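First comes the structure, then the notes that go with it.
The values are calculated or read from the model by the stated rules, or taken from the named source; none is laboratory data. None of these values were measured; they are calculated from a predicted model. Here the Cβ is made from the backbone with ideal geometry for all residues, glycine too, and neighbour counts use every protein chain on show. Accessible surface is based on the protein model in full, side chains and every heavy atom, while ligands, DNA and RNA are left aside. Shrake-Rupley method; radii C 1.70, N 1.55, O 1.52, S 1.80 Å.
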Amino acid sequence: MQIDYLIIGQGISGTWLSYYLQKEGKSFLVIDNHFKEAPSRISAGIINPVTGRRHVEVWMAKEILPFAWNAYTQLGKELGISAISQKNIIDFFPGPQMRVSFLQRVEEKGEYVFNYAEQNQFHSMFNYEFGCGEIRPAYTAHLETLLPVWRQQLKERKTLLEEEFDFNELKISLSKIHYKDIIADKIIFCDGNSSCNNPYFHLLPFAPNKGELLIAEIPGLPQTSIYKKGMMLVPLVTKGLWWVGSDYAWKFENADPTNAFRERTEQLLKDWLKIPYKIVAHLSGTRPATLERRPFVGIHPHHPNVGLLNGMGTKGCSLAPFFARQLTENLVYKKPVLPEADIMRFSKILAR
Ligand SMILES: Cc1cc2nc3c(=O)[nH]c(=O)nc-3n(C[C@H](O)[C@H](O)[C@H](O)COP(=O)(O)OP(=O)(O)OC[C@H]3O[C@@H](n4cnc5c(N)ncnc54)[C@H](O)[C@@H]3O)c2cc1C
């Protein structure tokens, strides 16, 4: 089989890269082992315009957020699904200090943060002593619908191999790559944290970050908003189901769910919610984060047939479509990748 690109991984990065390459009329094959705890399969799908205690605008918000909204909307239309929703985030202040800092940000005319007029609106559902603010617009990408539907389309077009990628079978010559009976112009790795062990990319400053979550049934909660008080409560596509999380651990023994997270989060829900709920799952995974919190995108500086779309960290839902498009334009039209994301910046490290 002879193709233009061999793509490893069908998380959110591999999904968007294969979509854009398809749009350019390129031939490709995706290999994916359908790892159940891949971050793309357990993510909340939140696209939040602000970050941190100070609610500062996220990196490149003005470009990346509208791009994501348009990209998911368009892909959803093409697939006949809803791939993204616009939401507001109701931010319940956990204490007086958080209230002061949020309201200060509103006074400073910080974008995306607003006073919430109906302070008493949620008293029948939540306990909150210090009031709430509003963050908008935020979005939820519906990865639990999008990834399987795209996968099904890849299968129908015979462009998906459901198996483990085996490095021993990969041979790279000057102009082509060979993998089993496949010959391709380039191989592009979209395999999340597996790239930490990839002989071409393991020297990059990856910093995997573990996150856990609960899935809860909360039938009485309006699904028009995301709710936040220390943790996020995010409506899932299945009516009545909510994503509850997450934490951020830089040091961890393994990627398994822990009792400590479950107990802490159950206590938080007990204190916060006034309406009935039931926990139905506890999951965990590791985000493909990077030390300098910027993605890894582009062609290997010393191996022109090997590429990477990775390092999406905590923001894969917004970054993946934007940088998959950049990588596609780089591959097809030789347009440059944004220098802050281009793996060329690690040319010296990758020469070792
Ligand atoms: C708990 C949690 C909550 C999160 N919430 C959000 C959120 O709300 N918003 C947000 O923007 N981001 C969130 N993230 C981060 C987001 O999920 C990631 O940035 C994103 O999913 C990374 O996508 P990816 O496709 O690059 O990698 P991955 O999701 O890791 O996908 C890699 C794919 O490659 C496949 N693969 C790997 N190795 C091999 C191999 N050897 N052979 C074959 N196939 C292979 C895997 O099966 C997988 O399908 C969250 C992450 C976690 C863990």
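Contact map, segment 117-137: residues that are in contact (Cβ under 8 Å) with a residue 12 or more places away in the chain paired with residues that are in a strand (DSSP E or B) and among the hydroxyl-bearing types (Ser, Thr, Tyr), Cβ distance under 9 Å, separation 6+ or inter-chain. Pairs shown: Phe122/Tyr227; Met125/Tyr227; Phe126/Tyr227; Cys132/Tyr227; Glu134/Ser225. Remark: Asp181 falls outside the filter, which requires a residue to be crowded, with 23+ Cβ neighbours inside 10 Å and outside the structural domain of Phe261 (by TED's automatic domain parsing). State whether the residues of segment 316-327 include one that is within 16 Å of the ligand (Cβ to nearest atom), open to solvent by 20 Å² or more (accessible area, probe 1.4 Å) and among the basic types (Lys, Arg). Yes, because at least one residue in segment 316-327 is within 16 Å of the ligand (Cβ to nearest atom), open to solvent by 20 Å² or more (accessible area, probe 1.4 Å) and among the basic types (Lys, Arg). For segment 169-213, a residue qualifies if it is within 13 Å of the ligand (Cβ to nearest atom) and of a type in the set (Phe, Trp, Tyr), and the qualifying residues are Tyr179, Phe189, Phe201, Phe206. Sort through Thr286, Thr265, Thr290, Thr328 and tell me the only one that's over 24 Å from Ile8 (Cβ atoms) and of a type in the set (S, T, N, Q). Going through Thr286, Thr265, Thr290, Thr328 in turn, just one is over 24 Å from Ile8 (Cβ atoms) and of a type in the set (S, T, N, Q): Thr265.
Count of segment 119-168 residues, restricted to those that are closer than 22 Å to Pro219 by Cα, open to solvent by 60 Å² or more (accessible area, probe 1.4 Å) and within 16 Å of the ligand (Cβ to nearest atom), is 1. Looking at the structure I just gave you, is Glu37 under 18 Å from the mean Cα position of the chain (by Cα) and either surrounded by fewer than 19 Cβ atoms within 10 Å (Cβ to Cβ) or not aromatic (Phe, Trp, Tyr) (or both)? When the stated conditions are applied, Glu37 passes them. Which residue is nearest to Gly52 (Cα to Cα), if the candidates are limited to segment 223-237 and must be surrounded by fewer than 18 Cβ atoms within 10 Å (Cβ to Cβ) and in contact (Cβ under 8 Å) with a residue 60 or more places away in the chain? Top of the filtered list is Gly230. Taking the residues in segment 20-34 that are open to solvent by 10 Å² or more (accessible area, probe 1.4 Å) and not in a loop (DSSP other than H, G, I, E, B) as candidates, determine which candidate is farthest from the ligand (Cβ to nearest atom). Applying the filter and picking the extreme gives Lys23.
Please verify whether segment 297-312 includes one or more residues that are at pLDDT 95 or above, open to solvent by 30 Å² or more (accessible area, probe 1.4 Å) and within 15 Å of the ligand (Cβ to nearest atom). Looking for residues that are at pLDDT 95 or above, open to solvent by 30 Å² or more (accessible area, probe 1.4 Å) and within 15 Å of the ligand (Cβ to nearest atom), one finds none in segment 297-312, hence no.
Residue-wise test of (1) under 17 Å from the mean Cα position of the chain (by Cα); (2) at pLDDT 95 or above.
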{"site": "Ala61", "(1), (2)": "yes, yes"}
{"site": "Ala68", "(1), (2)": "yes, yes"}
{"site": "Glu78", "(1), (2)": "no, yes"}
{"site": "Glu107", "(1), (2)": "no, no"}
{"site": "Phe122", "(1), (2)": "no, yes"}
{"site": "Phe130", "(1), (2)": "no, yes"}
{"site": "Glu134", "(1), (2)": "no, yes"}
{"site": "Leu146", "(1), (2)": "yes, yes"}
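Which numbered condition trips up Gly76, out of (1) within 13 Å of the ligand (Cβ to nearest atom); (2) in contact (Cβ under 8 Å) with a residue 24 or more places away in the chain? Only one criterion in (1) within 13 Å of the ligand (Cβ to nearest atom); (2) in contact (Cβ under 8 Å) with a residue 24 or more places away in the chain is unmet by Gly76, namely (1). Just for segment 278-296: of the residues that are open to solvent by 20 Å² or more (accessible area, probe 1.4 Å), touching a Pro at 6+ places or on another chain (Cβ under 6 Å) and under 30 Å from Leu233 (Cβ atoms), which one is nearest to the ligand (Cβ to nearest atom)? Top of the filtered list is Arg287. For first residues located in segment 206-222 and farther than 17 Å from Gly245 by Cα, partners that are more than 10 Å from the ligand (Cβ to nearest atom) and aromatic (Phe, Trp, Tyr) and lie 6+ apart or on another chain with Cβ distances below 8 Å form the pairs Ala207/Trp250.
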